[in-house]
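Remarks on the structure that follows.
The values are calculated or read from the model by the stated rules, or taken from the named source; none is laboratory data. Predicted model only: the values in this text are computed from it and were never measured. Neighbour counts run over all protein chains shown; Cβ positions are idealised from the backbone, glycine included.
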Amino acid sequence: MPSTDPVTPTDPATAHRPAGATTPTGRRRAGRRPPAVLLIPAAVAAVFALLPLGYLAVRSLERGPAFAWEVIDDERTAQLLGRSLALAAVVVSACLVLGVSLAWLTVRTDLPGARAWSVLVTLPLAVPSYVAAFAWLSAFPELAGFTGSALALTLVSFPYVYLPVTAALRGTDPAQEEVARSLGHGPLKTFLRVTLPQLRPAAAGGAVLVALYVFSDFGAVSLMRYDTFTRGIYTSYRASFDRTPAAALSVVLVVMTILLVAAEARTRGRAGHARTGGGTARPAVPARLGRWRAPALAWCAAVTGVAVLTPLATLGYWLAVGNSATWDPATLLDTAATTLGVAAAGAALTSLLALPVGVIAARYRGRTARLLEQSAYAGHALPGITVALSLVFFAVRYAEPVYQELPLLVCAYAVLFLPVAVAGTRAAVLQSPPVLEDVARSLGRSPLRVLREVTVPLAAPGVGAGAALTFVVCMKELPATLLLRPTGMDTLATRLWTETGTGAFAAAAPYAAALILLAAIPSYFLGRHRT
Amino acid sequence: MRRPLVRRLTALFAAALLLPAVAGCGVDEDDAGLVIYSGRNEKLVKPLLDELEKAVGTTVAVRYGESAELAAQIQEEGGKTKAGLFFSQDAGALGALSTKGLLEKLPQASLDKVDPGFRGGAGDWVGTSGRVRVLAYHPGQVAKVPDTVHDLVKPEWKGKIGYVPTNASFQAFVTGMRVLEGDDATRTWLKGLKANEPKVYDNNLKVLEAVGKGEVSLGLVNHYYWYEQVAEKGEGKVKAKIHFLPGGDAGGLVNTAGVAIVKGSDQAPVAQKAVDFLLSEKAQKYFAEDTKEYPLASGVTSTVKGLPPLATLDAPKIDLGKLESLQETLKMLQEAGMV
Amino acid sequence: MTDLQIAGLAKAYGPGAAPVLDGLDLTVPGGALTAVLGPSGCGKTTLLRIIAGFLRADAGTITLDGRTLSGPGVHLPPERRRIGIVPQEGALFPHLSVARNVAFGLTGLDRAARRRRTEEMLELVGLAGYGDRMPHELSGGQQQRIALARALAPEPALVLLDEPFNALDAALRTGVRADVRAALRATGATALLVTHDQQEALSTADLVAVVRDGRVAQCDTPHEVYSRPADPWVAAFVGDAVLVSGTADQDMAATALGRIPLTDPPGRLREGVVLLRPEQLRLTAPDAAEASGTVTDVRFYGHDAMVTVAVDGIDEPIDVRVPSPTAARPGERTGIEVMGEATLHSAAV
């Protein structure tokens, strides 16, 4: 007979705790279906994004599955895939280093001129990859090949990492870093062990965008003469005028994309990265750079210089040596206005469509949520020409009145760049604790009003960053714009294409310069609202 | 603090969606009597197409793009295309549309204006202007200019050749060589050229400049770049000279830009007028004088100083429609490690 | 006065997973503050989220004042339940001022009425004049009180408090706890306080429901739960427990500490565990009591002290709460005597 109680719980606080339990405020809503007010618009967005896939199914199977398989099951296909993957791996790694380091320097330190830097480092996004490649190639012809492609693509796409990471850094609770410091961690160790893990969702989202951008890029790799998968697809269009092998190869890109996005979702893990507190974090006290100030400044200057000044210098060189500089300021102004208009509309529509998808991706688990998010990404690695042709295919059949009209072009931008906005929204929503939405519901708000009054306002900086990003990439979009624009409409990108097409680089320079300058507007707008 | 940002963003989004309505511009193609898909660059052909509009007597809307991509677009549009006329930079894209049966047959009268070598075998497209492949050379460095590209694989030219392997005209020339001499001979030649370590440039103009500066002694380019340079800078300032390859050598291939009437639009009668305009003396003179190309319609000769008449060129005789088989060419270039 | 009734509530996260709630029954009387007390992972947070409507139960019904909130085929969305919540650390909306936070749930009122109500609530929680501040300008305790004001403002039928005092330091906690209790009393709101802190539950609540493994082990007044726990586990969870084996003999139990009167008749139970509180034991001179042993440890708490004694004939040492200061020193011999009544429980739980 036991003489004492065998079941005395010694420490009630730790008894019965299930393994891996998260705090109630940090978890996603397991097993809960998103409300219709999110689900329906998200489904619309997904259908939009899946249009190119429907087209690919039709085209690749045109001559039977055997033919499509023959195209795919080719040594060269595997080889090209390997080359694309290698390029993506290098560019993504480089972008992570550049994006995260610059974000931390501009947001969390006393870097002199931090605000100006934060505008400057987003500008490279506006440099079309072919302009960057051209600039580097003219200066250093020996860069042609893998090195040059990696360099040019890194320098135009690292803002994809920089922007979401900046937003995430602003949303993290500095108290956690203070805790780490108090636990004896130096600033670097604190950054690596506390700050960096919290930036993971934002950085990973950006990294996926960079990888997909690398997969889909044609401009840089064709100039750098580095053969990639997308170049193979273009060859199929341009050399054999055959859409079927191009479609079959594109299907491979879609499969790769889905695998990549799924892998990224897996690395996100189950961790909730929301603040456990009630969202009342104080703004962070900037870290003092001290004797690191000069190296930090040099680093920012080097990256900006290399990424922005090289193309700008090339433009200057074009202007100086060319004889074709017979450009008309009125045309430039007109084109700039048009570009601004369509890119803004594209960014607005894309962001609106991305909002429900991003909120669901951040807040809900389960198959529906996963499917919706992956749909948004599925077609993002496709070359622009393939997406453009798929929209031609559908518009001619089902939306003829808008074919080659503005609404279709704006929709095309949404299809092309949905993931860019989704990534920003998702990362931003993840930053605010879900308990705030629960509280709002308990105070009598419907899901739609919770979205409007709590979720969106809290995520606004991130949503805005996503919209700005979309705006800039819309501005430089070329293949879809060429095929779908209203007849007679010119954007800066199409003008640039026209002028460089005849080697009139001096005439092209003002358009390229305008593209880069216009990209400063959204950057500046966001910079002003940093608290 | 963040509230104004949300408001501003909302306002911005709303405004943005409406912006294109204000900023939107351009010709309403529904009102246009003729829609042209032009694979030829706007800078090259816009003045001509403005003339064309006057000549056909109706509003003309032009959509510019890459020839191959416009061809793909016409294929996707199927019978519902808005294009009445397809103006292509090269014969390959026209050949592809012809094979798919997407082009209208042209009246014999129009076809007959052009040498059979420069029109579609099915009589559904016709060349409008030609570009000849030539060898550019530095007079101070080259005593005897080779008369055939086969000489370029000789050791004396090691490291002294400039070319643009990604250029469509270069690739068309390689395709031409395949048609003329077979794949094996072409492959051997490509490997020989590569072994001679030719210098790679981005475009023909840069090759020409490099030859002028003596960076390389020889360059594989299209003829009109030289004439444009001469027109812009004056003949004395252009150091490089060009040499037309005799004896039907593959290196002297003539590429053509051409035009076709697209099936499925109701613009055929106007399009027909447009084709005739492009083959008219006025248009052909434009090609000769403004784009420095070769006029192809019979009876029109170039007035450009120093440009030998097309008939005297002794260019290789091949069916240009076959130039659509570029895929195989690219494979060869890839195998040779050039692109 | 609104009653919350919960019957047969069950919830598991995923098929095949161990149930978190396993047929939980609970009645919360209107106007009272009821504490749901249990160790972490016992299902109390899940219970709270189901009551609020953030989670769906697998089975069972929840009615509030006769309205079915949740049941077979019924799931009222959170915004229609009229249940306010005060989450851990307050969860104030960081983008809204304090006043806008409090007014967040006040829909359907005109501007003046809304402002009046907001000011009323701020006054209620002792923070009048703080309306224009932003949440991050408040201390933790102030944030918590604003969170309560926000929950109470729309006059909810029920307020759920999810370990609201956890993040506060001990000195602040007592004060905020008292304020919250007073505010709840003043509004007559029915409230459910989820906590794992037994002192908090006993001192703050009118009723305490002890939850273990997804069920209510006991629901009673704090005094009853403490002095007449349903079983040794509950006893040990709500306070320090001294457990010795004993044999029932009419209304007494024979133990190694002597014969102890029982609170309730033992019924058919003969052999069992006798439960005492450390404050029911008293140290005497050695051999002056029926039981004696050696002091092994003395822990000083200020107002009292805990003396651990290895009692002859009992394997496990026994804790005795003595008034402070105490003369007991480790190694000394001492006698032990029992005061008051004890409860007898089956040894096999």
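Out of C:L281, C:L275, C:L269, one residue alone is under 15 Å from C:D240 (Cα atoms), hydrophobic (A, V, I, L, M, F, W, C) and either at pLDDT below 85 or touching a helix residue (DSSP H, G or I) at 6+ places or on another chain (Cβ under 7 Å) (or both). It is C:L275.
Of all the helices (runs of 4 or more DSSP H) wholly in segment C:188-286, which have at least 1 residues that are over 11 Å from the mean Cα position of the chain (by Cα) and within 12 Å of chain A (Cβ to nearest Cβ)?
Numbers: elements: C:198-204, C:222-227, C:232-238.
So the answer is C:232-238.
If I filter segment C:20-41 down to residues being within 14 Å of another protein chain (Cβ to nearest Cβ) and in a loop (DSSP other than H, G, I, E, B), which single residue comes out as nearest to C:Y226 (Cα to Cα)? Of everything passing the filter in segment C:20-41, C:G38 is nearest to C:Y226 (Cα to Cα).
Picking from residues in segment A:412-461 that are among the polar types (S, T, N, Q) and either outside any helix (DSSP H, G or I) or more than 14 Å from chain C (Cβ to nearest Cβ) (or both), the one that is surrounded by the most Cβ atoms within 10 Å (Cβ to Cβ) is A:T425. Picking from residues in segment A:46-82 that are crowded, with 19+ Cβ neighbours inside 10 Å and under 26 Å from A:F158 (Cα atoms), the one that is modelled with the lowest pLDDT is A:L80. For segment C:42-75, which residues satisfy the criterion of being within 11 Å of chain A (Cβ to nearest Cβ) and in a loop (DSSP other than H, G, I, E, B)? Answer for segment C:42-75, where residues must be within 11 Å of chain A (Cβ to nearest Cβ) and in a loop (DSSP other than H, G, I, E, B): C:C42, C:G43, C:G53, C:F54, C:L55, C:R56, C:D58.
The set of residues from segment C:1-18 being over 18 Å from C:F54 (Cβ atoms) and not acidic (D, E) comprises C:M1, C:T2, C:Q5, C:A7, C:G8, C:P15, C:G16, C:A17, C:A18.
Quick check on A:S93: is it hydroxyl-bearing (S, T, Y) and buried (at least 22 other Cβ atoms within 10 Å of the Cβ)? Walk me through how you get there before you give the answer.
Working: hydroxyl-bearing (S, T, Y): yes; buried (at least 22 other Cβ atoms within 10 Å of the Cβ): no.
Spelling it out, it is not the case that A:S93 is hydroxyl-bearing (S, T, Y) and buried (at least 22 other Cβ atoms within 10 Å of the Cβ).
Does A:T154 satisfy the criteria of being within 23 Å of the chain's Cα centre (by Cα), surrounded by 19 or more Cβ atoms within 10 Å (Cβ to Cβ), polar (S, T, N, Q) and under 20 Å from A:A94 (Cβ atoms)? So A:T154 passes the test. Taken together, the residues in segment A:356-411 that are at positive phi and either without any contact (Cβ under 8 Å) to a residue 40 or more places away in the chain or away from chain B (no Cβ under 14 Å) (or both) amount to 1.
Go through segment A:462-491 residue by residue and tally those that are outside any loop (DSSP other than H, G, I, E, B), within 29 Å of A:G501 (Cβ to Cβ) and not polar (S, T, N, Q). Before the answer, list the steps.
Applying the first criterion (outside any loop (DSSP other than H, G, I, E, B)) to segment A:462-491 yields A:462-476, A:479-484.
Going one step further and asking which of them are within 29 Å of A:G501 (Cβ to Cβ), we end up with A:469-476, A:479-484.
Subset that is not polar (S, T, N, Q): A:469, A:471-476, A:479-480, A:482-484.
Counting residues in segment A:462-491 that are outside any loop (DSSP other than H, G, I, E, B), within 29 Å of A:G501 (Cβ to Cβ) and not polar (S, T, N, Q) gives 12.
Entry remark, segment B:44-55: residues being buried (at least 23 other Cβ atoms within 10 Å of the Cβ) and in contact with a helix residue (DSSP H, G or I) (Cβ under 7 Å, 6 or more places away or on another chain) number 1 in total. Which one is surrounded by the most Cβ atoms within 10 Å (Cβ to Cβ), of the residues in segment B:245-300 that are more than 19 Å from B:D50 (Cβ to Cβ) and in contact with a His (Cβ under 9 Å, 6 or more places away or on another chain)? Top of the filtered list is B:Y294. Of the residues that make up segment C:2-14, is at least one in contact with a helix residue (DSSP H, G or I) (Cβ under 7 Å, 6 or more places away or on another chain), within 11 Å of another protein chain (Cβ to nearest Cβ), at pLDDT 85 or above and closer than 21 Å to C:A151 by Cα? No, the conditions are met nowhere in segment C:2-14.
Check whether at least one residue in segment B:293-305 is farther than 29 Å from B:G120 by Cα and either within 19 Å of the chain's Cα centre (by Cα) or in a loop (DSSP other than H, G, I, E, B) (or both), and report yes or no. Give the derivation first.
Taking segment B:293-305 and keeping what is farther than 29 Å from B:G120 by Cα, we get B:305.
Still in the list and also either within 19 Å of the chain's Cα centre (by Cα) or in a loop (DSSP other than H, G, I, E, B) (or both): B:305.
Checking segment B:293-305: at least one residue is farther than 29 Å from B:G120 by Cα and either within 19 Å of the chain's Cα centre (by Cα) or in a loop (DSSP other than H, G, I, E, B) (or both).
Set side by side, the residues A:T494, A:T470 differ, and just one is surrounded by fewer than 24 Cβ atoms within 10 Å (Cβ to Cβ), within 30 Å of B:Q73 (Cα to Cα) and either β-branched (V, I, T) or within 14 Å of chain C (Cβ to nearest Cβ) (or both), which is A:T494. Please specify each residue of segment A:96-126 satisfying the condition of being basic (K, R) and either crowded, with 18+ Cβ neighbours inside 10 Å or more than 22 Å from the chain's Cα centre (by Cα) (or both). Of everything in segment A:96-126, just one residue is basic (K, R) and either crowded, with 18+ Cβ neighbours inside 10 Å or more than 22 Å from the chain's Cα centre (by Cα) (or both), namely A:R108. Considering A:T339, A:T331, the condition of being part of a helix (DSSP H, G or I), within 13 Å of chain B (Cβ to nearest Cβ) and surrounded by fewer than 24 Cβ atoms within 10 Å (Cβ to Cβ) is satisfied by A:T331 alone.
A quick yes/no check of all residues on (1) surrounded by fewer than 20 Cβ atoms within 10 Å (Cβ to Cβ); (2) under 22 Å from C:H136 (Cα atoms); (3) among the charged types (D, E, K, R):
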{"residue": "C:R67", "(1), (2), (3)": "yes, no, yes"}
{"residue": "C:S70", "(1), (2), (3)": "no, no, no"}
{"residue": "C:H75", "(1), (2), (3)": "yes, no, no"}
{"residue": "C:P87", "(1), (2), (3)": "no, yes, no"}
{"residue": "C:G90", "(1), (2), (3)": "no, yes, no"}
{"residue": "C:F93", "(1), (2), (3)": "no, yes, no"}
{"residue": "C:R111", "(1), (2), (3)": "yes, no, yes"}
{"residue": "C:R115", "(1), (2), (3)": "yes, yes, yes"}
{"residue": "C:E123", "(1), (2), (3)": "yes, yes, yes"}
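In segment C:76-88, the residue that is modelled with the lowest pLDDT out of those that are touching a strand residue (DSSP E or B) at 6+ places or on another chain (Cβ under 6 Å) and part of a loop (DSSP other than H, G, I, E, B) is C:Q88. Checking each residue in segment B:148-178 for being part of a loop (DSSP other than H, G, I, E, B) and within 24 Å of the chain's Cα centre (by Cα) picks out B:T148, B:V164, B:P165, B:T166, B:N167. Within segment A:127-141, is there a residue that is modelled with pLDDT of 85 or more, more than 21 Å from A:I516 (Cβ to Cβ) and crowded, with 21+ Cβ neighbours inside 10 Å? No, because not a single residue in segment A:127-141 is modelled with pLDDT of 85 or more, more than 21 Å from A:I516 (Cβ to Cβ) and crowded, with 21+ Cβ neighbours inside 10 Å.
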